[in-house]
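My questions will all concern the structure given below.
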Amino acid sequence: MTDGKTTAHDTTQEAEGRLREGYDSVRETASKVYHDAGEKAAEVLDASRDTAKRTVQSLESNPLGILVGGLAVGVLAGALLPRSAREKELLAPVGKRIGETFVAATAAAKAAGQSELGELGLTKANARDQAKGLLDGVVKALTTAGTAGAKAVSQKPAA
């Protein structure tokens, strides 16, 4: 009977030893995971702080970018939101008046520009004549250069 008690006692102690080893292994792994997670979290926090600082510095150094970005967001929001019947009713005359004003301003600018160019003697006919003269000059220069190059090649060097 003693052998049975001893064997049971030994088996119990072996099982207890294995449980302790398993517990220690799990505890060690959990501690390592916890420690590694803390380090990773600190790294991510540092990286996000650096990114935030760079973003703030970029925004401070380029306020025009903020303005343009804000305008782009506003235009996008305005394009995506549907217009109500009331908005169409109120804004249609304004849009029509703006369009008419733009067309009139464009026509006036064109007329003023043509008048100014005419006073300076810069008409289509004069510009065409000047371009023709320039092209003739370029052709003459190329012909002269080609002829001089051909003479230089054909001449025998003095020995």
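Starting at the first residue of the stretch 100-108, write each ³J(HN,Hα) from the Karplus equation 6.51 cos²θ - 1.76 cosθ + 1.60 with θ = phi - 60°, in whole Hz, x for Gly and Pro.
5, 5, 5, 4, 5, 5, 5, 5, 5
Between residue 152 and residue 112, what is the spin-label point distance in nm, taking each point 7 Å from the Cα along the Cα→C-beta axis?
The modelled label-to-label distance comes out at 5.3 nm.
Return the tail of the calculated pair distribution for the stretch 70-159, meaning the percent of Cα-Cα pairs more than 15 Å apart.
Percent of Cα pairs beyond 15 Å in the stretch 70-159: 81.
Also: Ordered by residue, what ³J(HN,Hα) values in Hz, to whole numbers, does the stretch 138-154 give under the Karplus form 6.51 cos²θ - 1.76 cosθ + 1.60, where θ = phi - 60° and Gly and Pro are x?
5, 4, 5, 5, 5, 5, 4, 5, x, 5, 5, x, 5, 5, 5, 6, 7
Could you pull the Rg and Dmax for the stretch 73-125, using just the Cα atoms, both in Å?
In order Rg, Dmax, the Cα atoms of the stretch 73-125 give 19.1, 54 Å.
OK, next. To the nearest whole percent, what portion of all C-alpha pairs in the chain is separated by more than 26 angstrom?
Percentage above 26 Å: 78.
Here is a follow-up. Explain nothing, just the number: dipole magnitude of the chain about its Cα centre with +1 on each Lys and Arg Cβ and -1 on each Asp and Glu Cβ, in debye rounded to the nearest 20.
1700
Bear in mind these aren't lab numbers, they're just calculated from the coordinates by the rules spelled out. Since the model is a prediction, treat every value here as computed from it, not as a measurement. Here Cβ is always computed from backbone atoms with ideal geometry, including for glycine, and neighbour counts include all displayed protein chains.
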